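Enquirer: Quick one: the structure is below, questions incoming.
The values are calculated or read from the model by the stated rules, or taken from the named source; none is laboratory data. Please read these numbers as outputs of a predicted model, since none were measured by experiment. Cβ sites come from the backbone with ideal geometry, for glycine too, and all protein chains shown count toward neighbours. Just so you know, the surface numbers come from the protein's heavy atoms only, side chains and all, with ligands and any DNA or RNA stripped out. Shrake-Rupley method; radii C 1.70, N 1.55, O 1.52, S 1.80 Å.
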Amino acid sequence: MNVLVIDIGGTNIKILATGQTESRKLPSGNSMTPADMVAGVTELAKDWSYEAVSIGYPGIIKKGKIITEPHNLGPGWVGFDFEAAFKLPVKIINDAAMQALGSYTEGVLLFLGLGTGLGSAVVVDGAVLPMEVAHLPYRKGTFEDYVGLRGLKKRGKKKWQKHIELSVERLAAAINPDDIVLGGGNAKYIKNLPPGCRLGENRFAFDGGFRMWENIQQ
């Protein structure tokens, strides 16, 4: 089966289809509606062949349905019919969970996505559990305020990295993972990886999207 994978971020939307070697992207932002996304992706992928769609979405997903509107995109995502819009079978998963699924090898994996916001997920024996760590209290704000893009811009790379280390330490103490992956577009700015961590790769989100159509628990 040829699958189109869509990784929705607060800054860009990235896509890749089965058999393609180079991903493509279009800008998103806080005015991007789901109809805008579908139109943009359909145009961007018009010369690719695909029979199903995987979507990594920056928000809460329950039983394949979007439950919360995104913090960094436009309105209208809850209740939107993606299968009708694409005229194809569609599976939707939290964006961090999709990256975590693509990063997974064995045991217990903790994934943190350092992008516009903060994505988080755990994978246990192949089953993905999306988390919503971003808006939990941390210091004088939330985790996202300190380790998301706002924190990087406000505090600089050195202090930002220190807060990443502290966040990893707190979460790892609760989850006791065998593996920790730091992914997302801003992970490349980390100078020294915290103990037990490895960097994610751009392909992990796409790998996770392809795996969603394989016989792996989600």
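Enquirer: For the stretch 126-137, what does the Karplus curve 6.51 cos²θ - 1.76 cosθ + 1.60, with θ = phi - 60°, yield as ³J(HN,Hα) per residue in whole Hz, taken in order and with x for Gly and Pro?
Expert: Going residue by residue, I get x, 9, 8, 10, x, 10, 10, 6, 3, 9, 6, x Hz, with x marking Gly and Pro.
Enquirer: Rounded to the nearest 20 debye, what is the charge dipole size of the chain about its Cα centre when +1 sits on each Lys and Arg Cβ and -1 on each Asp and Glu Cβ? Show your work: numbers first, answer last.
Expert: Details: 25 positive and 22 negative charges, 224 e Å.
Dipole of the chain, to the nearest 20 debye: 1080 debye.
Enquirer: Can you list the equivalent-ellipsoid semi-axes of the stretch 89-162, largest first and in whole Å, using the square root of 5 times each Cα gyration tensor eigenvalue?
Expert: Details: eigenvalues 130, 33, 24 Å².
With the √(5λ) rule applied to the stretch 89-162, the semi-axes are 25, 13, 11 Å.
Enquirer: Provide the solvent-accessible area of Thr21, counting protein heavy atoms only and rolling a 1.4 Å probe, rounded to the nearest 10 Å².
Expert: Here the residue's solvent-accessible area equals roughly 130 Å².
Enquirer: Which residues in the stretch 1-15 place their backbone N less than 16 Å from a point set 7 Å from the Cα of Leu26 along the Cα-to-Cβ direction?
Expert: Under 16 Å, as judged by backbone N against the label point of Leu26, lie 4-15 of the stretch 1-15.
Enquirer: Which trypsin sites (Lys or Arg not before Pro) does the stretch 12-64 hold that lie in a coil by DSSP with at most 11 other beta carbons within 10 Å?
Expert: Filter output for the stretch 12-64: Lys46, Lys63.
Enquirer: OK, next. If each residue of separation counts as 0.36 nm, what is the full-extension length gain between Trp48 and Glu165 once their alpha-carbon separation is subtracted?
Expert: On the way: separation 117, 0.36 × 117 = 42.12 nm, distance 4.07 nm.
Length difference between fully extended and current span is 38.1 nm.
Enquirer: Using the Karplus equation 6.51 cos²θ - 1.76 cosθ + 1.60 (θ = phi - 60°), what ³J(HN,Hα) coupling, rounded to whole Hz, does each residue of the stretch 167-175 give in order, writing x for Gly and Pro?
Expert: 5, 4, 4, 5, 5, 5, 5, 7, 9
Enquirer: Show the residues, 5+ positions off or on another chain, whose built amide H is closer than 5 Å to the amide H of Glu51.
Expert: Under 5 Å from the amide H of Glu51 lie the amide H atoms of Asn2, Val3, Leu4, each far enough along the sequence or on another chain.
Enquirer: Which net charge results for the neighbourhood of Gly119, defined as the other residues with beta-carbon distances under 12 angstrom from its beta-carbon, given Lys and Arg at +1 and Asp and Glu at -1? Walk me through the intermediate numbers first.
Expert: On the way: positive: none; negative: Asp7, Asp95, Glu132, Glu144.
With Lys, Arg at +1 and Asp, Glu at -1, the net is -4.
Enquirer: Then there is this: Amide H neighbours of Asp179 under 5 Å, at least 5 residues apart or on other chains, H built in the peptide plane: list them.
Expert: Val108, Leu110
Enquirer: Within 10 Å of each candidate Cβ there may be at most 11 other Cβ atoms; applying that plus a DSSP loop requirement, which trypsin sites (Lys or Arg not before Pro) in the stretch 65-153 survive?
Expert: Working: sites: Lys65, Lys87, Lys91, Arg139, Lys140, Arg150, Lys153; in loops: Lys87, Arg139, Lys140.
For trypsin sites (Lys or Arg not before Pro) across the stretch 65-153 that sit outside H, G, I, E and B with at most 11 neighbouring Cβ atoms in 10 Å, the list reads Lys87, Arg139, Lys140.
Enquirer: Around Gly113, which amide H atoms from residues at least 5 apart in sequence, or from another chain, sit under 5 Å from its own amide H, with H modelled in the peptide plane?
Expert: Answer set, sorted by chain and number: Gly119, Ser120, Gly183.
Enquirer: Turning to a different aspect of this structure: Below 8 Å, C-alpha to C-alpha, sequence gap of six or more: please give me the relative contact order for the stretch 37-161 in percent.
Expert: Values: 191 pairs, mean separation 21.3, N = 125.
Reported relative contact order: 17 percent.
Enquirer: Using a basic spin-label model with each label point 7 Å from the Cα along Cα→Cβ, how many nm lie between Val78 and Lys153?
Expert: 2.6 nm
Enquirer: Can you give the helix-only mean residue ellipticity at 222 nm for the chain, where every DSSP H stretch with n ≥ 4 adds -39500 (n - 2.57) and the sum goes over all residues, rounded to the nearest 500 deg cm²/dmol?
Expert: On the way: 6 runs with 66 residues, N = 218.
Value at 222 nm, helices only, nearest 500: -9000 deg cm²/dmol.
Enquirer: GluC sites (Glu not before Pro), restricted to the stretch 1-107: which are DSSP loop and have at most 13 other Cβ atoms within 10 Å?
Expert: On the way: sites: Glu22, Glu43, Glu51, Glu83, Glu106; in loops: Glu22, Glu51, Glu106.
Taking the stretch 1-107 and a limit of 13 other Cβ atoms within 10 Å, the loop GluC sites (Glu not before Pro) found are Glu22, Glu51, Glu106.
Enquirer: Further, regarding this structure: Please turn the phi angles of the stretch 13-26 into ³J(HN,Hα) values with the Karplus equation 6.51 cos²θ - 1.76 cosθ + 1.60 (θ = phi - 60°), one per residue in order, whole Hz, x for glycine and proline.
Expert: Rounded to whole hertz, the list is 10, 10, 9, 7, 10, 3, x, 8, 9, 10, 6, 10, 8, 9.
Enquirer: Return the whole-Å distance between the Cα centroid of the stretch 139-218 and the Cα centroid of the stretch 63-110.
Expert: Between the Cα centres of the stretch 139-218 and the stretch 63-110 lies a distance of 18 Å.
Enquirer: What is the spread of the Cα atoms of the chain along each of their three principal axes, largest first, in whole Å?
Expert: 45, 37, 31 Å, listed from the longest principal axis down.
Enquirer: In the structure displayed, which of Lys154/Lys191; Lys25/Lys158; Lys46/Lys87; Lys14/Lys153 lie more than 21 Å apart, Cα to Cα? Let's see the in-between values first.
Expert: Working: Lys154/Lys191 18 Å; Lys25/Lys158 29 Å; Lys46/Lys87 14 Å; Lys14/Lys153 23 Å.
From the list (Lys154/Lys191; Lys25/Lys158; Lys46/Lys87; Lys14/Lys153), the Cα-Cα distance tops 21 Å for Lys25/Lys158; Lys14/Lys153.
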